[in-house]
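The next block holds one structure in the form of structure tokens; read it before the comments.
What follows draws every value from the coordinates through simple rules; no lab data is involved. Computed from a predicted model, the values in this text were never measured in an experiment. Positions of Cβ are generated from backbone atoms using ideal geometry, with glycine treated the same way; all protein chains shown enter the neighbour counts.
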Amino acid sequence: MSSQPAYAPYSPDPSAVPAGLQAASPVRERRTLNMPALFSLITGVLLISPVAIVLGHIGIAQVKRRRQSGMILAVVGLVLGYLGLIATIGALVALVMFVNSGPTPQTTF
């Protein structure tokens, strides 16, 4: 009789390894959070629209290039920034229209 076991204990075949001793799934590398994306979201919530828009675009570019996390934060910051910008422009137009719609004084020469 041979001195080798019926199966190889370090076999790469997963069916040869008992169920409790199977290797865990490979560990995913932790991705860092992109700071301009985070600050874009914060400034968008605080209605500082121009800053949110600029940081959102910077954040999206960096997330793509550096493979970082935070794409959703940058996009939400951009959306809030553009919505805030549109609201600000709308409010200014309404203010100008309100001021100019008042009664005009009679001018006599």
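May I ask you to sort Val63, Val27, Val93 by Cβ crowding, counting other Cβ atoms within 10 Å and putting the fewest first?
On the way: Val63 22, Val27 6, Val93 10.
Ordered by Cβ neighbours within 10 Å, fewest first: Val27, Val93, Val63.
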Next on the checklist: Can you compute the FRET efficiency between Leu92 and Ile72 using 1/(1 + (r/R0)^6), with r the Cβ-Cβ distance and R0 = 35 Å? Round to the nearest 0.05.
Outcome noted: 0.70
Checklist entry - Taking other Cβ within 10 Å of each residue's Cβ, how do Arg66, Arg30 sort, fewest first? => result Arg30, Arg66
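With 10 angstrom as the radius, rank Ser40, Ser69 by how many other C-beta atoms surround their C-beta, starting from the fewest.
On the way: Ser40 32, Ser69 13.
The fewest-first ordering by Cβ neighbours comes to Ser69, Ser40.
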Item to check | region 50-109: Rg to Rh, with Rh as the Kirkwood radius over Cα pairs | outcome: 1.44
